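Heads up: the structure comes next, in structure tokens.
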Amino acid sequence: MRLLPQTNWHGWQGSRKRRSGVETKELKDCAADLWEAARMLHDGQVVGIPTETVYGLAADARNPQAVAQVFAAKGRPADNPLIVHIASMEQLTEIAAEVPPLAKRLAEQFWPGPLTMILPKQASIPEITSGGLDTVGIRMPSHPVARALIRLSGVPIAAPSANISGYPSPTTAAHVMRDMQGKIAAVVDGGPCTVGVESTVISLEGADSVRILRPGYVTKEMLESVAAHVSLDPAILHQLKEGQTVRSPGMKYKHYSPRAHVILADGSWKGFAALVEQRKTAHTYALVFDGEGETLSVPILTYGKNDQEQAQQIFSKLRELDDLGAQLVFVRAPSADGVGLAVYNRLIRAAGFEVIQV
Ligand code: TXA
Ligand code: MG
């Protein structure tokens with residue numbers, strides 16, 4: 001449901017005007033535009049690019065000045081490392097200092113695709129890219145535009161999600177323009193992302209063990225077809241305590257949050273409806289599953305009817321709620337199985353861990 005046209009009520013987004021003197025070019029998925037974007041990347045500029053998961057803010061991973069612009073455009077803390085995107089297995093050995101047999105098996109099974117492996121890094125990857133760590137997150141995306149840009153530019157591409165740090169990730173070129181207009185050289189429009197949530201991030205914990213640091217489209221069950229032991233990092237579902245060590249720096253920051261106050265309600269429809277009616281105030285919305293919500297007295301948006309659709313839609317719906325002027329949003333919690341775990345993980349963070357059992 002769309003009540004209002006898109007508004008520009010956030011000071012920091014939505015403006016089509018030039019801001020810091022950079023005209024952000026809107027490029028398409030055609031040969032001439034891809035060459036132009038590749039040239040920009042090769043020359044150390046920052047470009048918003050589509051991947052199958054979310055849009056990324058791309059720069060030459062080996063160029064510290066280029067990577068510094070990525071951190072600046074996002075407002076990202078310097079200790080939160082970037083993922084390096086590659087297009088071939090030869091590139092993997094140029095970036096990772098060590099590629100254990102388990103990593104090769106995982107790559108064979110899941111690349112190109114939404115899996116990021118943390119491996120020891122080569123000296124060619126500067127500290128700014130790895131957030132000061134001696135490891136680097138590496139993934140081979142499957143999106144044809146991302147792959148073309150890595151090949152045409154001839155450089156490995158560092159790319160975090162192309163949102164302002166802390167805001168929901170972008171799944172269309174228009175989302176990237178809203179966050180990055182005036183801050184980066186260009187955005188390449190490759191259509192809406194098919195997966196919709198970021199890649200599964202894993203570390204290798206021995207010859208046959210994997211730890212999931214961030215859940216994504218590649219699920220625990222899928223990883224178990226390759227590794228004998230697969231564990232979930234506790235930070236996936238629980239808030240870290242002050243001073244607790246974190247294996248993936250991204251886990252400790254407020255994340256995926258729209259401007260609206262989000263409350264995640266986990267349980268039955270009946271309990272959800274009762275909570276909304278009891279707690280609603282001005283500008284309250286509900287984000288529910290397809291086919292639900294008709295009986296609520298507040299306006300609703302829906303986000304799909306199964307885990308894959310929920311993954312695909314969740315970030316764009318959170319952004320749309322802000323555009324509608326929502327101040328308080330009750331979200332129906334997805335089931336935390338399969339790809340649903342990734343959606344649940346993003347939503348508890350969007351809600352600042354305010355989860356109510358209903
Ligand atoms: O699907 C994706 O992974 C997207 C697209 C653009 O490829 N990228 C993405 O990047 O989500 P970003 O920067 O938003 O999230 C990367 C996550 C962060 O939580 C970061 O802390 C973690 O991966 N990470 C990266 N390198 C790491 C490392 N060496 N050790 C531990 N965690 C790492
Ligand atoms: Mg991100």
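The values are calculated or read from the model by the stated rules, or taken from the named source; none is laboratory data. Keep in mind that what you see is a predicted model, and the values were worked out from it rather than measured. We place every Cβ from the backbone using ideal geometry, glycine too, and count neighbours over all the protein chains shown.
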Discussion item. Considering only the stretch 87-104, I want to know if a residue exists there that is within 20 Å of GLY48 (Cβ to Cβ) and assigned by TED's automatic domain parsing to the domain that holds TYR217.
Written reply: yes
Fill in: Selected residue [in contact with a helix residue (DSSP H, G or I) (Cβ under 7 Å, 6 or more places away or on another chain), surrounded by fewer than 22 Cβ atoms within 10 Å (Cβ to Cβ) and under 21 Å from ASP79 (Cβ atoms)] from SER165, SER169
SER165
Item to complete: Within the stretch 151-169, track down each residue that is β-branched (Val, Ile, Thr) and within 11 Å of ligand 1 (Cβ to nearest atom).
Response: ILE157
Fill in: strands (runs of 3 or more DSSP E) (entirely within the stretch 172-282) containing at least 1 residues that are within 16 Å of ligand 1 (Cβ to nearest atom)
186-189, 200-204, 209-214, 229-232
Worksheet item: Given the residues VAL329, VAL298, which is the only one that is in a strand (DSSP E or B) and touching a strand residue (DSSP E or B) at 6+ places or on another chain (Cβ under 9 Å)?
Response: VAL329
Worksheet, complete the sentence: Scanning the stretch 139-167 for residues that are of a type in the set (Val, Ile, Thr) and away from ligand 2 (no atom under 16 Å from the Cβ), the one nearest to the chain's Cα centre (by Cα) turns out to be VAL145
Discussion item. I need the strands (runs of 3 or more DSSP E) fully contained in the stretch 15-119, keeping only those with at least 1 residues that are touching a residue at least 40 places away in the same chain (Cβ under 8 Å) and away from ligand 1 (no atom under 11 Å from the Cβ).
Written reply: 25-28, 47-49, 56-60
Practice prompt. Being of a type in the set (Lys, Arg) and under 16 Å from LYS317 (Cβ atoms) is the filter here, so list the residues in the stretch 252-292 that pass it.
Written response: ARG259
Item to complete: Quick one: count up the residues across the stretch 127-161 that are under 14 Å from GLU52 (Cβ atoms) and not in a helix (DSSP H, G or I).
Response: 7
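One line per residue, one yes/no per condition, for (1) without any contact (Cβ under 8 Å) to a residue 60 or more places away in the chain; (2) within 29 Å of LYS220 (Cβ to Cβ); (3) buried (at least 22 other Cβ atoms within 10 Å of the Cβ):
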residue: GLY291; (1), (2), (3): yes, yes, no
residue: GLU294; (1), (2), (3): yes, no, no
residue: GLY304; (1), (2), (3): yes, yes, no
residue: ALA326; (1), (2), (3): no, no, yes
residue: PHE330; (1), (2), (3): no, yes, yes
residue: ASP337; (1), (2), (3): yes, yes, no
residue: GLY340; (1), (2), (3): yes, yes, no
Response to the item:
Of the listed residues (SER225, SER203, SER209, SER199), the one being surrounded by fewer than 23 Cβ atoms within 10 Å (Cβ to Cβ) and in contact with a Lys or Arg (Cβ under 9 Å, 6 or more places away or on another chain) is SER203
